[in-house]
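One structure is given below, encoded as structure tokens.
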Amino acid sequence: MKKLTLEKLAPYLSHKIKFMSPCDGPQEITGMTDLSHVSYYDNETDAGDDIHIEDVELILYPLEYLTKEIEVNGERFVPIDKINKLYADGGLEFIIHNEVIEEKNHTGSFFHLNPNCYPYYIIKKLYEWHFAINIPEELYINKAII
């Protein structure tokens, strides 16, 4: 079974990313206690705690939600439309039509993209909006369904 790594988690750390705590439900990651543990603050118990990175299930949007309405910080929008308004070059249209690759295997389908092929500002927005960038489905919980 695959496990989350620091390499996959790091781009999300500055974007108020949440994970599903086995005991406490959705929790926001507040930092790192060391290179293998993330910290979080549980408002209900009024206490901080940490969890091993390998046990973290991030709460993210799958890439197929680029064309669906999502909610980020109380604002509802369609990411592809917002990107196209912010960046006149329409960069994500290229991602949607040419570079999002659907892979089918024994576990089902998942979508991924190569962040090295796109301008940094687009990839940064996708991390900010909590999209699963090259993270297999089994390592995250679909934010749209919780």
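Any read-out appearing in this document is the output of simple, stated calculations on the displayed coordinates, not a laboratory observation. Treat the numbers as computed from the prediction; the structure is a model and nothing was measured.
A few notes on this one:
- Full extension of the chain segment joining T5 with T33 gains 8.6 nm, where the gain is 0.36 nm per residue of separation less the Cα-Cα distance.
- From phi via Karplus (6.51, -1.76, 1.60), per-residue ³J(HN,Hα) for region 77-86 in Hz, x at Gly/Pro: 6, 9, x, 4, 5, 5, 4, 5, 6, 5
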